[in-house]
Amino acid sequence: MARHEADDGGTKGAGEPGRGKGGGAPGGSGGHVFQAPTGTRDFYPAELNRLRYVQDAWRRTSINHGFEEIDGPTFEHLDLYTVKSGDGIVSELFSFERFGGEKTFALRPEFTPTLARMYASRAASLPKPTKWFWMQNCYRAERPQRGRLREFSQWNCDIIGDDSAQADAECIACCVGALEEIGLSPNDVRIRVNNRRYVQNMLRSAGLDETVMDRGLSWLDTYHKLETDAFVKNGQAIGLDSDQAYKISVTLAALAGPNSKWPSDSMLASDAAPGREPIYEPLFKALAAHGLREWCVLDPSIARGLAYYTGMVFEVHEASGAERAIAGGGRYDKLIEMFGGPPTPAVGFGMGDVVLSLVLADKGLMPKDEEVAARLGLNPDALVISNGTPEADGAVAGVVAELRRAGLHARRSYKTTKNIGKLIQDAAKMRARYCVILESAESATVKDMGTQGQEGCGVAELAGRIARR
């Protein structure tokens, strides 16, 4: 059971999928060269910093929008996932049994079942609404390809216990907040918004049998991926006649994809007409109040074919449509009840790091490594070096330790060179605030790497001098 995230099932991370073969190849000296499992990634410091940069934007945005962080186990009982989606989902999961055990478990493919289980167990004591966010790895046993991996980082935000259009808009606003935080604009991405009620009514009017409505919604989700003839043919396969399938394709052609736009005032006025329950008007009014008019468009082809969605749905797409969905979500008002809780409205979304990072790299918006380190607060306060005398050399370790005890990020050079100019260049490369040059065990020169000014200082005064600045 996949839930509100990008429909790629793991469009979450930078780097190309499936570098490894998942096994050992004969290596030199009688050993083996092991590669990472297919569809996973190794994160060396620079790569991990880029992931942490994205995650930092997610966390700060969540907190700024009033969400509280939760977490749960990496694996759950397998039936937590099959209770809704059936046994067919097992092939998409990494499932396992403990040796000698009787119960079957699965690595989480997404977090929503865990969220529903957690909320259901304490529903009576939780506030209304409850606003939670979550950010960890997920695992999918599927074929890796560009934008889709078997392990990826996922961010979810959910508002539970509020059935209003305001809550829908608040979720979308939080999603947009993260996009803005990492430098994307309405020129780069579009929030494609729809409501399941609208497309369900459209399919019913076309004569689709209610028993295959879920298949009809999944069919609509393929509109942007297929040529018209193939789309119409697939519509016939679920029970529509060719004329009705073609009429739906014409309707979508007029409103979806490149033609998607903010609904007209006349459309919203008609939607809110007396005697009918409005579908779009409350949501787009709330989106406008959140200042999201430039970001959002109405796209009736967005159906999010997952069965548990009950109303508003949306996806975030790169403007050119070159990549998979960056994020997606919607309203799921019956899911908490399905997992043992009371009837509870809910809305949420998920965003993964894979497609997002591909889009950032493509648009030149992923900061340089040194800029990422600075934004994450990873740059040292001081690099401590010696002037090359034995007495100064012997004092380096003690000075570094004292600065660290004072709560400062201090580093030392492990190079054997005595060339102070080259060591000061190292301080500049790592963007240290200061380069501390020990002249002896008692005295030092403190060089400000920003202003390039320098002054003498007693070793005992170093921590205070650096901390005050």
Subject >> Identity of the residue in region 346-365, in contact (Cβ under 8 Å) with a residue 60 or more places away in the chain and surrounded by fewer than 21 Cβ atoms within 10 Å (Cβ to Cβ), that ends up farthest from the chain's Cα centre (by Cα) >> reply: LYS363
Subject >> Residue that is surrounded by the fewest Cβ atoms within 10 Å (Cβ to Cβ) [pool: residues in region 209-234 that are out of contact with any Ser or Thr (no Cβ under 9 Å at 6 or more places or on another chain) and small (Gly, Ala, Ser)] >> reply: SER218
Original post:
Quick one: would you say ARG324 is charged (D, E, K, R) and touching a Phe, Trp or Tyr at 6+ places or on another chain (Cβ under 9 Å)?
Top reply: no
**OP:** Hey, can you tell me all the residues within region 180-227 that are in contact with a strand residue (DSSP E or B) (Cβ under 7 Å, 6 or more places away or on another chain) and of a type in the set (Lys, Arg)?
**Re:** ARG190, ARG192, ARG196
**OP:** Report whether or not ALA245 is assigned to a helix (DSSP H, G or I) and closer than 25 Å to VAL212 by Cβ.
**Re:** yes
**OP:** Please identify the pairs in which a residue from region 375-388 that is within 27 Å of GLY183 (Cβ to Cβ) and touching a residue at least 24 places away in the same chain (Cβ under 8 Å) has its Cβ atom under 9 Å from the Cβ atom of a residue that is of a type in the set (Gly, Ala, Ser) and assigned to a loop (DSSP other than H, G, I, E, B), counting only partners at least 6 apart or on another chain.
**Re:** ASN379/ALA432; PRO380/ALA432
Subject >> Number of the condition not met by PRO390 [criteria: (1) surrounded by fewer than 17 Cβ atoms within 10 Å (Cβ to Cβ); (2) more than 45 Å from the chain's Cα centre (by Cα); (3) of a type outside the set (D, E, K, R); (4) under 18 Å from CYS457 (Cα atoms)] >> reply: (4)
Subject >> All strands (runs of 3 or more DSSP E) inside region 73-149 with 2 or more residues being of a type in the set (S, T, N, Q) >> reply: 130-139
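Residue-by-condition table, conditions (1) over 23 Å from GLU110 (Cα atoms); (2) within 19 Å of the chain's Cα centre (by Cα):
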{"position": "LEU126", "(1), (2)": "no, no"}
{"position": "CYS138", "(1), (2)": "no, yes"}
{"position": "GLN154", "(1), (2)": "no, yes"}
{"position": "CYS174", "(1), (2)": "no, yes"}
{"position": "LEU179", "(1), (2)": "no, yes"}
{"position": "LEU184", "(1), (2)": "yes, yes"}
{"position": "TYR198", "(1), (2)": "yes, no"}
Subject >> Test result for GLY161, on the phi > 0 side of the Ramachandran plot and at pLDDT below 95 >> reply: no
**OP:** Give, as residue ranges, the strands (runs of 3 or more DSSP E) completely inside region 387-455 that count at least 1 residues that are among the aromatic types (Phe, Trp, Tyr).
**Re:** 434-438
Subject >> Of the criteria (1) part of a helix (DSSP H, G or I); (2) of a type outside the set (Ser, Thr, Tyr); (3) within 24 Å of ILE336 (Cβ to Cβ), which one ARG59 fails >> reply: (3)
**OP:** Within region 379-386, identify whether any single residue is crowded, with 16+ Cβ neighbours inside 10 Å, modelled with pLDDT of 95 or more, part of a loop (DSSP other than H, G, I, E, B) and touching a strand residue (DSSP E or B) at 6+ places or on another chain (Cβ under 6 Å), and answer yes or no.
**Re:** yes
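The values are calculated or read from the model by the stated rules, or taken from the named source; none is laboratory data. All values derive from a computational prediction rather than experimental measurement. Methodologically, a virtual Cβ is constructed for each residue, glycine included, from the backbone with ideal geometry; neighbour enumeration extends over all protein chains shown.
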